[in-house]
Amino acid sequence: MNRQLVIRGAAISIAAIAGSVFLASEFLGDKDSLASGAISDAPVEIRGASVISPYGSTTLPDGAAPALQVSALDTSPDKAAAATAQDSFQPELSFAEPAPTVEPILALEQAQSVERSLCDASLSAVPAIDGLIELRLSAPCNPADRVVISHGDLAFSTMLDSAGVYTGYIPALAANARIDVFLSDDTYLQAQTTIADYADYARMIVQWSGAAKIDLHAYHRGAAYGDAGHIHAMNPFDPAMEEAFLVALGDGKGVEPMLAQVYSVPAAQAGTARLELEAAVNAETCGTDLIAFVMPTLGSSTGSVEELRVAMPECGSGDGLVILDLPFGSSTSLTEPLEFTSDQM
């Protein structure tokens, strides 16, 4: 049975008994008066109750005193001799502990702490095949936010999806690879992993910012443009050289987008590849100086980042391409500046 109902019923019973005792004592007198038959000729009106004599008169015959049990109504001075209704009914009452009071400021801090925990961003980096780093970024409270990701001298920007998640693969530039991520709300994340086979590859890194359209192209086995040995961002693999590939990083969205493309090939086959850089001439790039940064690697050796500045054709000459040859392979010195040659198409 419900504990509250038991307690409430006990309280009502005690109040009823106490009320009955008070009324009987007030309006009927004590037991001595009743025993002697001394009921007043002018009885006091009793509201809500009555005492009816079987004899019908105010004078009772001798020996006809009614035997009334009035111990519960006793008004004699000796109260200890008569047990009361309260003495015979003593319910055990128990009460729940009061709920702790939470200060408003503390409650607000707790709510803010829960909100922060739900918004906690996380970054993980684990080794993948072919000297790559598998990256996963989760920022639940930063949906569609712009982030900047960097690994050594490689950096690019991208947009998180509607759930605040980004996943991708980044070519490793060191055995002990460290990834840094910057969110637009100044949140900074870092992850580290070990890439045991990073030195098995030669790479060419090209990166730039802004609206320029730049593409890195690699040609294997003397292939020409469009042949099977030609790989680029839209065709990143060569079926005959499965470990050679090209990775495009960044999505060109957001303010001041940072983009990069990285070509990778087994170091032992680096001498078989020819690299070109294509820069599109259009209304946004004509008459400007196109600036990109390039950096080659060969095994565990890494070249320095070099600025590549190209004077684009004047506007009005029509759209086209500026093509630059990029020195690459075992014959390329990583300690001396790279030399570029360009053609216009």
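The values are calculated or read from the model by the stated rules, or taken from the named source; none is laboratory data. As the structure is a prediction and not an experimental result, all values here were calculated from the model. Neighbour counts run over all protein chains shown; Cβ positions are idealised from the backbone, glycine included.
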Legend entry - From the options D227, D238, residue that is over 26 Å from P313 (Cα atoms), surrounded by fewer than 20 Cβ atoms within 10 Å (Cβ to Cβ) and either free of Cβ contacts under 8 Å to residues at least 24 places away in the same chain or of a type in the set (G, A, S) (or both): D227
Legend entry - The listed residue being within 25 Å of the chain's Cα centre (by Cα), closer than 15 Å to K253 by Cα and at pLDDT 95 or above, out of T158, T167: T158
Inset, instruction - Report yes if Q190 is under 26 Å from A125 (Cα atoms), surrounded by fewer than 19 Cβ atoms within 10 Å (Cβ to Cβ) and of a type outside the set (D, E), otherwise no. - result: yes
Inset, instruction - Give me a count of the residues in the range 195-250 that are of a type in the set (F, W, Y) and either on the phi > 0 side of the Ramachandran plot or assigned to a loop (DSSP other than H, G, I, E, B) (or both). - result: 1
Legend entry - Test: A283 is farther than 28 Å from A223 by Cβ and of a type in the set (A, V, I, L, M, F, W, C): yes
Inset, instruction - Please verify whether the range 255-276 includes one or more residues that are assigned to a loop (DSSP other than H, G, I, E, B), at pLDDT 90 or above, exposed (fewer than 15 other Cβ atoms within 10 Å of the Cβ) and aliphatic (A, V, I, L, M). - result: no
Inset, instruction - Tell me which residues, restricted to the range 296-313, are over 19 Å from G210 (Cα atoms) and either in the same structural domain as H151 (by TED's automatic domain parsing) or not small (G, A, S) (or both). - result: P296, T297, L298, T302
Inset, instruction - Might you check whether a residue that is without any contact (Cβ under 8 Å) to a residue 60 or more places away in the chain, closer than 15 Å to S122 by Cβ and hydroxyl-bearing (S, T, Y) occurs anywhere in the range 147-154? - result: no
Inset, instruction - Answer with yes or no whether D227 is among the acidic types (D, E), touching a Lys or Arg at 6+ places or on another chain (Cβ under 9 Å) and more than 24 Å from S300 (Cα to Cα). - result: yes
Inset, instruction - Collect the residues in the range 282-323 that are within 21 Å of P257 (Cα to Cα) and among the polar types (S, T, N, Q), keeping them in residue-number order. - result: N282, T285, T288
Inset, instruction - Could you please give the count of residues in the range 155-192 that are over 18 Å from T297 (Cβ atoms) and assigned to a strand (DSSP E or B)? - result: 16
Legend entry - Subset of the range 126-154 [under 19 Å from the mean Cα position of the chain (by Cα) and in a strand (DSSP E or B)]: L135, R136, L137, S138, R146, V147
Inset, instruction - Identify all residues within the range 166-200 that are within 30 Å of Q269 (Cα to Cα) and of a type in the set (D, E, K, R); write none if there are none. - result: R178, D197, D200
